[in-house]
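The values are calculated or read from the model by the stated rules, or taken from the named source; none is laboratory data. All values derive from a computational prediction rather than experimental measurement. Using ideal geometry, Cβ is built from the backbone for each residue, glycine included, and neighbour counts are taken over all protein chains shown. Surface areas here come from the heavy atoms of the whole protein model, side chains and all, with no ligands, DNA or RNA. Shrake-Rupley method; radii C 1.70, N 1.55, O 1.52, S 1.80 Å.
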Amino acid sequence: MPAAVSRFPYDDIFAWYDRHGRSLPWRYRWPEMAPVYHLWLSEIMLQQTVVATVIPYFLEFTRRWPTIGDLAVAPVDDVLAAWAGLGYYARARNLHKTAKIVAHDHAGVFPKNKQDLLALPGIGPYTAGAIMVMGYGQPGVVVDGNIERVMSRYFAIQTPLPKAKAEIAAVYADSRPDTRPSDFPQALMDFANAVCTPKMPGCNICPLASSCRGYGDGIAEQLPRKAAKPAKPRRRGVAFVAINQHGEVFVERRPDSGLLGGMTAFPSSGWTQAHRSDADAAPFDAAPFDADWQKLQPAVQHVFTHFALDMTVYVAGVHAPLPVTGSGWWQKPQPSQLPSLMRKIWKQVERHRPVNGGFKDKPSDQHGDISVILES
Ligand code: SF4
């Protein structure tokens, strides 16, 4: 049984970090501070994915827009296109809005107090804390999922998440060192990723093992405990992929607000609201034009934060120009510019081949290898 915990052994964490901590493009070591623009960018990107995925996006953003002023004057469509693949496009829109506000109202410098940071679009308590601590070297509480794991194990916190958040924040606040404020959370995050991992933590090589209560009690792997999540509701929708004789697809820009706001997408319907069944009852009401729409099997499955989606895909080969209502246009397929759901839909179309591209009659012009196996 380990000795009773007196204080968190941050000196051991720093010793580990000095030997094993990662070099990341946005990371600086105390007493140097990361440019807040870089830190903020990386934190917003990291909200939805892992470090390895974020690195190329971060490098591309900072190459194209080296300062927050450059990002502020970039067309929002360029920012959204550069964000494609990171998901949650509302975050990219908020990123752009915040860049404009900081550039115009704060002379290009992020506020140095939490209250003003929280007033910026897309900045919540965690990101504001991260900027204060890792960008400005101020004392503060920065607790992400990794730090939650280390703290709940080290102190053997049995309260399930999310209820345990306040308890974990309190022990974190008590555990902070008087020195290297910006290094402390970053050291803990790296340590959590490399040693105190979600499954099979490396307790046998851990420098904290002698005083870790979770390890001593034999429950490290069971922590942090999590309250059972209710199952996500399922929604259904329909999407329409039209391909013309030039191999172009018909796309439109989604409304600025709401899911996939402002993104280029295939016309679709029925999935953005919780209680709609018109996708089943009258699927062609949402089609962009009359065509010989053919249903693909199976439906595309996608998971959003608050619901899971079964999207039925209809495809048609058409001879443009067509009388088109709405604001859509034809373009060559550009999957990398599409949000993840639309990319999946396009993949589904590409996967089912070859017949005749969905054309009833053979098209007169070449249209590449875009073709589908159609449900009879
Ligand atoms: S002893 Fe195990 S559970 Fe405790 S901090 Fe180290 S790796 Fe994590």
Could you give the angle, 0 to 90 degrees to the nearest 10, between helix 165-175's Cα long axis and the longest principal axis of the Cα atoms of the chain? 40 degrees
Would you look at the GNM of the chain, springs on alpha carbons closer than 10 Å, and say which of Ala265, Ala209, Ala92 moves the most? Ala209
With a Förster distance of 22 angstrom and the Cβ-Cβ distance between Arg225 and Ala173, calculated FRET efficiency to the nearest 0.05 equals 0.55
The chain, accessible surface, carbon-and-sulfur percent (1.4 angstrom probe): 53 percent
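Using alpha-carbon pairs under 8 Å, 6+ residues apart, how would you state the relative contact order of the chain in percent?
Details: 603 pairs, mean separation 60.5, N = 376.
Worked out over the chain, it gives 16 percent.
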Part-to-part distance (alpha-carbon centres) for the range 4-41 and the range 144-165, which is given in Å: 20 Å
Give the aspartates and glutamates reachable from Lys199 as a straight Cα distance under 13 Å; neighbours fewer than 8 places away on the same chain don't count. Glu221
Relative to the chain, whose Cα atoms define the longest principal axis, helix 340-351 and its Cα axis are tilted in degrees, nearest 10, by 50 degrees
The range 1-105: GluC sites (Glu not before Pro) in DSSP loop, at most 16 other beta carbons within 10 Å: Glu32
Which residues' amide hydrogens lie under 5 Å from the amide hydrogen of Arg235, considering only partners 5 or more residues apart or on another chain, with H built in the peptide plane? Ala308, Leu309, Asp310
The simple spin-label model distance between Thr53 and Val303, using points 7 Å out along Cα→Cβ, in nm, is 1.2 nm
Roughly how many nanometres apart are two label points built 7 Å out from the Cα toward the Cβ at Asp11 and Arg64? 4.8 nm
With Cα atoms, 0 to 90° folded angle of helix 10-20 axis to the chain main axis: 50 degrees
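Compute, for the range 1-97, the length of the dipole vector about the Cα centre, with Cβ point charges of +1 (Lys, Arg) and -1 (Asp, Glu) only. Units Debye, rounded to 20. Show your work: numbers first, answer last.
Numbers: 10 positive and 9 negative charges, 18 e Å.
The calculated dipole for the range 1-97 is roughly 80 debye.
Could you tell me which of the pairs Lys226/Lys344; Lys114/Lys226; Lys114/Lys163 are separated by over 26 angstrom between their Cα atoms in the structure shown? Display every interim value, and only then the final one.
Details: Lys226/Lys344 31 Å; Lys114/Lys226 29 Å; Lys114/Lys163 23 Å.
Result: Lys226/Lys344; Lys114/Lys226 exceed 26 Å.
Could you compute the longest span of the chain free of trypsin sites (Lys or Arg not before Pro) located in DSSP loops and having at most 11 other Cβ atoms within 10 Å, not counting the site residues?
On the way: sites that count: Arg7, Lys163, Lys199.
The longest uninterrupted stretch comes out as 200-376.
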Got a sec to turn the phi values of the range 103-117 into Karplus ³J(HN,Hα) couplings, 6.51 cos²θ - 1.76 cosθ + 1.60 with θ = phi - 60°, whole Hz, x for Gly and Pro? 5, 8, 9, 10, 6, x, 10, 4, x, 9, 9, 5, 4, 5, 5
Highest-fluctuation residue, Ala130, Ala99, Ala169 considered, GNM on the chain with Cα pairs under 10 Å: Ala169
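Leaving out ligands and nucleic acids, note down the accessible area per residue over the chain with a 1.4 angstrom probe, in whole Å². Present the calculation step by step, with values, prior to reporting the outcome.
Values: 18260 Å² over 376 residues.
Heavy-atom accessible area per residue stands at 49 Å².
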For Pro335, what charge total do you get from the other residues with a beta carbon under 12 Å from its beta carbon, if Lys and Arg give +1 and Asp and Glu give -1? +3
Residue of Ala242, Ala173, Ala107 that the Gaussian network model of the chain assigns the largest fluctuation, springs spanning Cα pairs under 10 Å: Ala107
What is the calculated FRET efficiency for Gln331 to Arg351, with r their C-beta to C-beta distance and R₀ = 30 Å, to the nearest 0.05? 0.90
Overall dimensions of the chain as given by Cα atoms, namely Rg and Dmax in Å: 25.1, 81
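Using the Cβ atoms and a cut-off under 15 Å, what net charge is assigned to the surroundings of Leu120, where Lys and Arg are +1 and Asp and Glu are -1?
Summing Lys and Arg as +1 and Asp and Glu as -1 gives +3.
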